[in-house]
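Engineer: Before anything else, here's the structure in question.
The values are calculated or read from the model by the stated rules, or taken from the named source; none is laboratory data. On a predicted model such as this, the values are computed, not experimentally measured, just so you know. Cβ atoms come from the backbone with ideal geometry, glycine included; neighbour counts cover every protein chain shown. Note: accessible area is taken over every heavy atom of the protein model, side chains too, but ligands, DNA and RNA are not part of it. Shrake-Rupley method; radii C 1.70, N 1.55, O 1.52, S 1.80 Å.
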Amino acid sequence: MLAIARKEFLHIIHDPRSLMIIFAMPIIQLAMFGYALDMEIKNVDLAVINYDNSIQSQHLVEQFEGSEFFNIFAYNGSTDDMEQLFLERKAKAVLIINHDFAQSFHRNISTPVQIIIDAADPNAGTLIKNYCSQVIIAFNQKYASRPTLPLEVESTIWFNPDLKSAFFFVPGLLALLLIMICALLTSITITREKEMGTMEQILVSPVKANEIIIGKVLPYIGISILVGALILVIGIILFGVPFNGSYTLLFLLSTLYIITALSLGLMISTIASTQQVAMMIALIATLLPTMFLSGFIFPLSAMPKILQIISHIVPAKYYLMIVRGVLIKGNTFFQLMEPTLILVLMTFLLLIIALRRFKGNLES
Amino acid sequence: MQQIYYIIRKEFKQIFRTREMIAIIFIAPLIQMLVLGFAITNEVKHVKLIISDRDDSFISREIIMGFQNTDRFDFLGYLNSNQGLKDAIQGWKAQMAIVIPTGFSHDLQRNLRPEIQLIVDGVDGNTAGVALGYAQGIISQFSQNYLNHPRKRINFKKVHWAQQEERMWYNVNLDTAQHMVPGIVVVLITIISMMLSAMNIVREKELGTLEQLMVTPIRKHQLLLGKLIPFLFLTFVELAIVMKVAQLIFSIRMEGSLFLLFGLAFLFLFTTLGLGIFVSTITQSQQQAMFVSWFIMVFMLLMSGLFIPIENMPLLLKKLTYLNPMRYIMYIMRDIFQKGSSIQYLAKDVLPMTFYGLVIFIFGVLKFQKRVN
């Protein structure tokens, strides 16, 4: 068994490029997510078509200028050809002030201010709309007399007061990288032996099936733990992710997740006959759900029912709860009992099926 | 010509020989599109909510009613102790809590501006932010109704204000799929044309059959063309299937010219096929090839604006995206689908994309040696 582990280890070491990628990937992704996964948009390009040269309209434009959200410029064309601004991507929104703005502002209770928003990206569109309302509310408070709210709302965000994205993507990345290394790589190496015919050579040797498997996956467990530690250290040092819970608890539960992922990889290798197939199955069965059906980036609650049901069998969903719980909420083992038990159950099921199929494959 | 034809025929036979391969090429992309198309949304529903109503008055119950009559919140029950709230949120039982203080209605009626407290679990930052927005919306709706109540109505004649009226162009219903699906199409054609072509060439290396091909009188360009044309063909078949399904399932609107879309996709394929060849020259096994191309793809994806809008990136990253061929095709696809842009508006993306594509392709071809080192 150790001999196989050593062979597999040498095999990995002999390929420094892949090894480098295994370690470089999380670092690059951390950096990208850390600095770029900012859902706030700043400097939205806003074109202004001002048909009303009054003091009131000036005030309104200045209010927009003073806001940190907008990068505002005057557009000399008319409303008929303003679509060009969107097609050329010069502006994300156009503010139109009608020629009777000042007049109407004096006379009527409510004066419309038209804002055309490029909502091709609906998230950006909604954000821009909200920024505009903030500016217009400020304008009203300064120049108009709109009744203010009769009560105050105080919002408190627990555990992550600044809503730092690092707090949720570092755990997510951990879940993603671990499953990628464990499930994707192991399924491919085992399929590789099958495809190359070397599996049969190992089989005629007096090694037992269980030993072959354990030997093959041992080096990957080692690498996973190293990569996991690397992500955590960077996340804590560079992005200020807290570690409020117990180190031992996280280590133990992470090992559990690694074993779950390995069982999944093993299971895939029993289905696939070539490496290309193994890769594709692994992508669909592990990476896709881990990124999109675990609650890593996008909330599960608004997805169609069928996807929500599938999300219950995605191991990362439970591991994410564990990592976020231990790191950020300082959860104890008792509070994480439910996700832990589910992971244990999953691992057992996967292992039993995978070993059955593996032995079955060997005998046939 | 004859030789190229034979290789193409061999490739097709090889690709379609295994049932699994057909599944990979045609079914896998559809699964990916369905999952991504439905999963990528920032909408939030069923936020688990507990309420601490310490006022217990007619007015406080009216506010709570606003939270019960929506599928955005799942009202779990009342809880009055602070420790209880903390335990519920820390123990994953609840995601949000509303605290209405004692004497709330009393203060409200005397215009003392009482304070409602919203507590939200920030561990999932996205959900937290969106849920807070919803809650504030419900409360301000209550305030409006309260102010407009006949007893309370302020004399509106003296009041003037500006009222925002926004028009959401290109996506009136704010449907995320309209924006994401064209982007996902780019990812799918990249996977087929780059990853699979790289792995396919390396497979011959790994199995030793590349050496056999080399001793034949087939020339290098014939070999490469024979290898690439099947993938080019498959990519376009897939593009057509995926677009049809996208229209059926997500009712994606296609505003622009289909012909333009396919033409520009073809120009983008120089990049991906070139990268595929390049990857095959620097790797020895399919595992490596997959890994290297996966790495390149993740990198290109993150810098393409698919998930993270380029406008949100810090300046340095924003400038780096200009080096990324995928950045251009992402804009092109989305603009053709959503805005119906014509070539004159897309020229500034097409030119750099084609330039990078040709450079990468030529580099890949030059690096591909038809001999064993």
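Engineer: Name the trypsin sites (Lys or Arg not before Pro) in the stretch A:1-97 that are in a loop by DSSP and that have at most 15 other C-beta atoms within 10 Å, would you? The partial results should precede the final answer.
Structural biologist: Details: sites: A:6, A:7, A:17, A:42, A:89, A:90, A:92; in loops: A:42, A:89, A:90, A:92.
Qualifying residues, ordered by number: A:42, A:90.
Engineer: Which percent, to the nearest 5, of DSSP beta bridges fully inside chain B are antiparallel?
Structural biologist: Numbers: 4 of 14 bridges.
Counting DSSP beta bridges with both partners in chain B, the antiparallel share is about 30 percent.
Engineer: Based on the Cα gyration tensor of the stretch B:60-195, what are the three equivalent ellipsoid semi-axes, each the root of five times an eigenvalue, rounded to whole Å and given largest first?
Structural biologist: Numbers: eigenvalues 294, 142, 23 Å².
Rounded to whole Å, the semi-axes are 38, 27, 11.
Engineer: What residues have an amide H closer than 5 Å to that of residue A:44, excluding those fewer than 5 places away on the same chain, when H is modeled at 1.01 Å from N in the peptide plane?
Structural biologist: A:70, A:71
Engineer: What's the percent breakdown of Cα-Cα distances in the stretch B:227-373 across 5 Å bins, shortest bin first?
Structural biologist: 2, 9, 15, 19, 21, 16, 10, 5, 2, 1, 0
Engineer: Quick one: Debye curve from the alpha-carbon atoms of the stretch B:257-325 only, equal weights, vacuum; give me log10 I(q)/I(0) at q = 0.20, 0.23 Å⁻¹ to two decimals.
Structural biologist: Normalising to I(0) and taking log10 leaves -0.94, -1.02.
Engineer: Kindly sort B:12, A:9 by accessible area of their heavy atoms, largest first, with the probe set to 1.4 Å.
Structural biologist: Result, largest first: A:9, B:12.
Engineer: Taking each pair of distinct Cα atoms in the stretch A:45-193 once, what is the resulting Kirkwood hydrodynamic radius in Å?
Structural biologist: Over the stretch A:45-193, the inverse of the mean reciprocal pair distance is 19.3 Å.
Engineer: Counting only protein heavy atoms and a 1.4 Å probe, tell me what percentage of chain B's accessible area is made up of carbon and sulfur.
Structural biologist: Working: 10090 of 16390 Å².
Roughly 62 percent of what the probe reaches on chain B is carbon or sulfur.
Engineer: Treating each Cα of the stretch A:219-312 as an identical point scatterer and ignoring solvent, apply the Debye formula and state log10 I(q)/I(0) at q = 0.14, 0.24 Å⁻¹.
Structural biologist: -0.73, -1.24
Engineer: Considering only protein heavy atoms, what per residue accessible area in square angstrom results for the protein assembly as shown with a 1.4 angstrom probe? Don't skip to the end; give the middle numbers.
Structural biologist: Working: 31870 Å² over 737 residues.
About 43 Å² of surface per residue is accessible.
Engineer: Another question, then. I want to verify a result. In a Gaussian network model of chain A, Cα cutoff 10 Å, which of these has the top mean-square fluctuation: A:81, A:15, A:100?
Structural biologist: A:81
Engineer: Any chance you could get the radius of gyration and Dmax over the Cα atoms of chain B, in Å?
Structural biologist: 28.8, 96
Engineer: What is the set of long-range amide H partners of residue B:79 at a cut-off below 5 Å, with H atoms built 1.01 Å from backbone N?
Structural biologist: Residues meeting the amide H criterion: B:51, B:52, B:53.
Engineer: Sort largest first and round to whole Å: the equivalent ellipsoid semi-axes of chain A, each the square root of five times a Cα gyration tensor eigenvalue. The partial results should precede the final answer.
Structural biologist: Numbers: eigenvalues 629, 102, 61 Å².
After diagonalising the Cα gyration tensor, the semi-axes are 56, 23, 17 Å.
Engineer: Turning to a different aspect of this structure: Which order do A:321, A:337 take by accessible area at a 1.4 Å probe, largest first?
Structural biologist: Largest accessible area first, the list is A:337, A:321.
Engineer: What do the square roots of 5 times the Cα gyration tensor eigenvalues come to for the stretch B:211-255, in whole Å, largest first, as semi-axes of the equivalent ellipsoid?
Structural biologist: Details: eigenvalues 295, 15, 4 Å².
Whole-Å semi-axes of the equivalent ellipsoid: 38, 9, 5.
Engineer: Once neighbouring chains are kept in place and the probe is 1.4 Å, which whole percent of the accessible area of chain A is contributed by carbon and sulfur?
Structural biologist: On the way: 9770 of 15480 Å².
About 63 percent, which is the carbon plus sulfur part of the accessible surface.
Engineer: Provide the per-residue ³J(HN,Hα) series for the stretch A:96-108, in order, calculated from phi with Karplus coefficients 6.51, -1.76, 1.60 and θ = phi - 60°, each as a whole number of Hz, with x at glycine and proline positions.
Structural biologist: 10, 10, 5, 5, 9, 4, 4, 4, 5, 4, 6, 8, 9
Engineer: Now for a different question. For the stretch A:174-271, what is the convex hull volume of its Cα atoms per residue in Å³?
Structural biologist: Numbers: hull volume 9.1 nm³, N = 98.
So the per-residue Cα hull volume is 93 Å³.
Engineer: A follow-up question, please. Through the Karplus equation 6.51 cos²θ - 1.76 cosθ + 1.60, θ set to phi - 60°, convert the phi angles of the stretch B:215-221 into ³J(HN,Hα) values in whole Hz; use x for Gly and Pro.
Structural biologist: Along the stretch B:215-221, the couplings run 7, 6, x, 5, 7, 4, 5 Hz.
Engineer: Report the antiparallel proportion of the DSSP beta bridges in the protein assembly as shown as a percent, rounded to a multiple of 5.
Structural biologist: Details: 8 of 44 bridges.
Antiparallel: roughly 20 percent of the beta bridges in the protein assembly as shown.
Engineer: Same structure again: Which trypsin sites (Lys or Arg not before Pro) in the stretch A:152-249 pass both tests, a DSSP loop state and at most 12 other beta-carbon atoms within 10 Å? Could the numbers behind the result be given before it?
Structural biologist: Working: sites: A:164, A:192, A:194, A:208, A:216; in loops: A:164, A:208.
For trypsin sites (Lys or Arg not before Pro) across the stretch A:152-249 that sit outside H, G, I, E and B with at most 12 neighbouring Cβ atoms in 10 Å, the list reads A:208.
Engineer: Right, something else. Count charges around residue A:317 for me, please; just the other residues with Cβ under 13 Å from its Cβ, Lys/Arg as +1, Asp/Glu as -1.
Structural biologist: With Lys, Arg at +1 and Asp, Glu at -1, the net is -1.
Engineer: Let me ask something additional. Give the average over all directions of the projected area of the C-alpha convex hull of the stretch B:182-306, one decimal, in nm². Can you show the working numbers first?
Structural biologist: Details: hull surface 33.7 nm².
Result: a mean projected hull area of 8.4 nm².
Engineer: Let me ask another. List, largest first, the extents of the alpha carbons of the stretch B:37-77 along their principal axes, each in whole Å.
Structural biologist: The Cα atoms of the stretch B:37-77 stretch 45, 14, 11 Å along their principal axes.
Engineer: With springs connecting C-alpha atoms under 10 Å apart, model chain B as a Gaussian network and identify which of B:298, B:123, B:44 has the largest mean-square fluctuation.
Structural biologist: So, out of B:298, B:123, B:44, the one fluctuating most is B:123.
Engineer: Convex hull over the alpha-carbon atoms of the stretch B:314-357: what's its volume per residue in Å³? Walk me through the numbers before you get to the answer.
Structural biologist: Details: hull volume 3.2 nm³, N = 44.
Cα convex hull per residue, to the nearest whole number: 72 Å³.
Engineer: Please report, to one decimal in angstroms, the Kirkwood hydrodynamic radius of the stretch A:2-104 built from all distinct Cα-Cα pairs. Each step should come with its number before you reach the end.
Structural biologist: Working: mean 1/r = 0.0547 Å⁻¹.
Roughly 18.3 Å, rounded to one decimal.
Engineer: Please report, to two decimal places, log10 I(q)/I(0) for the stretch A:263-316 at q = 0.15 Å⁻¹ as given by the Debye formula with identical point scatterers on the Cα atoms and no solvent.
Structural biologist: -0.46
Engineer: Of A:51, A:247, which has the most accessible area with a 1.4 Å probe, and how do the rest follow in descending order?
Structural biologist: Working: A:51 100, A:247 165 Å².
From most accessible down to least: A:247, A:51.
Engineer: Taking a quarter of the surface of the Cα convex hull of the stretch B:114-254, what do you get in nm²? Could you put the intermediate results ahead of the total?
Structural biologist: Details: hull surface 67.7 nm².
In nm², the orientation-averaged hull projection of the stretch B:114-254 is 16.9.
Engineer: How many times 2.2 N^0.38 Å is the alpha carbon radius of gyration of the stretch B:242-292?
Structural biologist: Normalised Rg, Cα atoms only: 1.66.
Engineer: Moving on to the next point. List the residues whose amide H sits under 5 Å from the amide H of residue B:166, counting only those 5 or more places along or on another chain, with H placed 1.01 Å from N in the peptide plane.
Structural biologist: A:115
Engineer: Taking chain A as a Gaussian network, where each spring joins two C-alpha atoms under 10 Å apart, which residue of A:75, A:318, A:257 fluctuates the most?
Structural biologist: Among A:75, A:318, A:257, the largest mean-square fluctuation in the Gaussian network model of chain A belongs to A:75.
Engineer: Quick check on the protein assembly as shown: take the gyration tensor over C-alpha atoms, sort the square-rooted eigenvalues as a ≥ b ≥ c, and tell me if it's rounded (a/c under 1.5), prolate or oblate. Intermediate results must be reported in sequence, preceding the final value.
Structural biologist: Working: a/c = 2.72, a/b = 1.45, b/c = 1.87.
Cα axes put the protein assembly as shown in the oblate bin.
Engineer: At a probe of 1.4 Å, how much accessible area disappears from chains B and A on forming the pair, both sides counted, to the nearest 100 Å²?
Structural biologist: Numbers: alone 21680 and 20890 Å², together 31870 Å².
Buried surface at the B/A interface: approximately 10700 Å².
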